[in-house]
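Read the structure below first, then the notes.
The values are calculated or read from the model by the stated rules, or taken from the named source; none is laboratory data. It should be emphasised that the depicted structure is a prediction, and the values quoted were computed from it without experimental measurement. Here the Cβ is made from the backbone with ideal geometry for all residues, glycine too, and neighbour counts use every protein chain on show.
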Amino acid sequence: MSVYTQLTDDQFAAFCQSFGVSFARAIPITQGIKNSNWFIQTTDDTDGAPSYVFTLFEERPPADIEKMAVILNQLDGKLPVAAPLAVIESEAARTDNDKRYVIHYEDKAITLVPCLAGAHPEQTTQAMCHEIGAALALLHETLQALQPSEQYGVPLYPWSDVRDRESQFMPSDEAKLMRDIWHAYTQLPLATLPKGLCHLDMFADNTLWNLSLNNSQKGEARLTGLLDFTEVSAEHYVMDIAITINDFCTTWGDAEQGESVNFDRSKMAAFLQGYESKRPLGADEKRALPVMLAKAAVIFWLLRLNVIHYNRTEGRTGDNIMVKNPDLMKRLSAYHWSHVEKAQNTVFVLLNTHSNTDQNNQIVGVFSSITQAEQAREQLIRDQLTPDQLSNHSHFLIKEYTLDQLL
């Protein structure tokens, strides 16, 4: 992540000693956009590999980071997370049940966590989407033990304020897109959608995987780390699902590729299958998902605009400051919204083109959204096709039909 606050080696050494760690070297981490982070090499790291990640939280108050430490300890042992080290207390200050995980520097919080093995994936696969879906569901289930959830999560950011500020400077078509998506979101049955503690930033670059050549060739990449729990809040689970899908199921082209945005709906179907293997979605959640996908993209569109605004007002400049292109999320918002608009007057019919019956193209399902039709198709492919047939999706076709029209 970006480095905003500069520390000396003497300061690093003193902070690390508070956690019982012998400091040798700090290496800046420049990916990301919010906090200042460094890898820490210790005097025991003979091979030169860092053992810890040192984070100075630029915006979140220390009390919020203390809550994050409780959340990570709740997940520790069930999911691959890096729980913060406890501060070494004197005998007089030590209590059995009151550990401290945060130290303060100029009203900012500092934590030290073990490095996790693995690497960030440059591209995701269907298998990885399935696994991260199952992991997110397990996260949702595990954190239900922390009640009331609002006391453990940080407050949700007032994105409507950012929307009102930024929309003044947008072209009219962009402002309308954002306004339409926001209105559709408010029309969802929000009061009845299940909610609890959510990660809300589960992008691929906040995960680690075993991506060794042998495993990659066999399609056996395994999740080894979940990172960045600073945004954990009490929110609708389907919003957390949408945020994760938006990154894991999208291929983001680099500048040489014209910064293209390519959403893969087969990856989304795999993600949902993985998620529902741990926590089945309710009917209202399935109906809400298409709008949530659009709203989640809008939130990250606004987040990136807000970072640009914040850097400008704070005078932040330099090579260590990373800014992500907000237009990518704008394009993803438009893509999802086009599917929402289309689905309002469309049904999706799932056909078996290799039915054993006398009729060709036997209808096996009719769905109100392409997402549900694709998820059903993926399940049928897994359940009914032989291993030799699995790569041939043409056994099951999805056709779209506009309502109230002659065929």
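Taking first residues from the range 13-26 that are on the phi > 0 side of the Ramachandran plot and partners that are loosely packed, with under 15 Cβ neighbours inside 10 Å, the Cβ contacts under 7 Å between residues at least 6 apart in sequence or on separate chains come to Gly20/Ile88. Answer yes or no as to whether Leu272 is over 19 Å from Gly133 (Cβ atoms) and in a helix (DSSP H, G or I). Here the answer is no, as Leu272 does not meet what is asked.
Quick check: anything in the range 270-287 more than 15 Å from Leu193 (Cα to Cα), of a type in the set (A, V, I, L, M), buried (at least 19 other Cβ atoms within 10 Å of the Cβ) and assigned by TED's automatic domain parsing to the domain that holds Ser160?
Pass one, the range 270-287, residues more than 15 Å from Leu193 (Cα to Cα): 270-278.
Keeping just the survivors that are of a type in the set (A, V, I, L, M) gives 270, 272.
Subsequent filtering for residues that are buried (at least 19 other Cβ atoms within 10 Å of the Cβ) retains 270, 272.
Of the ones still in play, those that are also assigned by TED's automatic domain parsing to the domain that holds Ser160 are 270, 272.
Scanning the range 270-287 turns up at least one residue that is more than 15 Å from Leu193 (Cα to Cα), of a type in the set (A, V, I, L, M), buried (at least 19 other Cβ atoms within 10 Å of the Cβ) and assigned by TED's automatic domain parsing to the domain that holds Ser160.
Being at pLDDT 90 or above and farther than 30 Å from Tyr4 by Cα is a property that holds for Leu139.
Condition first: surrounded by fewer than 13 Cβ atoms within 10 Å (Cβ to Cβ), of a type outside the set (A, V, I, L, M) and modelled with pLDDT of 80 or more. Now tell me which residues in the range 348-399 satisfy that. Passing the criteria: only Lys399. Name, by its number, the condition in (1) of a type in the set (Lys, Arg); (2) part of a helix (DSSP H, G or I); (3) touching a Gly at 6+ places or on another chain (Cβ under 9 Å) that does not hold for Lys278. Among (1) of a type in the set (Lys, Arg); (2) part of a helix (DSSP H, G or I); (3) touching a Gly at 6+ places or on another chain (Cβ under 9 Å), Lys278 violates only (2).
Would you confirm, using the coordinates I've provided, whether Gln123 is part of a loop (DSSP other than H, G, I, E, B) and within 28 Å of Thr224 (Cα to Cα)? I'd like the intermediate steps shown before the answer.
Values: part of a loop (DSSP other than H, G, I, E, B): yes; within 28 Å of Thr224 (Cα to Cα): yes.
Taking the combined requirement at face value, the residue satisfies it.
If only residues of the range 292-306 that are of a type in the set (A, V, I, L, M) and farther than 11 Å from Leu328 by Cα are counted, the one that is surrounded by the fewest Cβ atoms within 10 Å (Cβ to Cβ) is Leu303. Among the residues of the range 6-30, those that are touching a strand residue (DSSP E or B) at 6+ places or on another chain (Cβ under 8 Å) and of a type in the set (A, V, I, L, M) comprise Leu7, Ala13, Val21, Ala24, Ala26, Ile27, Ile29. Might you check whether a residue that is among the basic types (Lys, Arg), modelled with pLDDT of 95 or more and surrounded by 12 or more Cβ atoms within 10 Å (Cβ to Cβ) occurs anywhere in the range 200-223? No, every residue in the range 200-223 fails to be among the basic types (Lys, Arg), modelled with pLDDT of 95 or more and surrounded by 12 or more Cβ atoms within 10 Å (Cβ to Cβ). Would you call Asp327 under 23 Å from Ser149 (Cβ atoms) and touching a residue at least 60 places away in the same chain (Cβ under 8 Å)? Against the criterion (under 23 Å from Ser149 (Cβ atoms) and touching a residue at least 60 places away in the same chain (Cβ under 8 Å)), Asp327 does not qualify.
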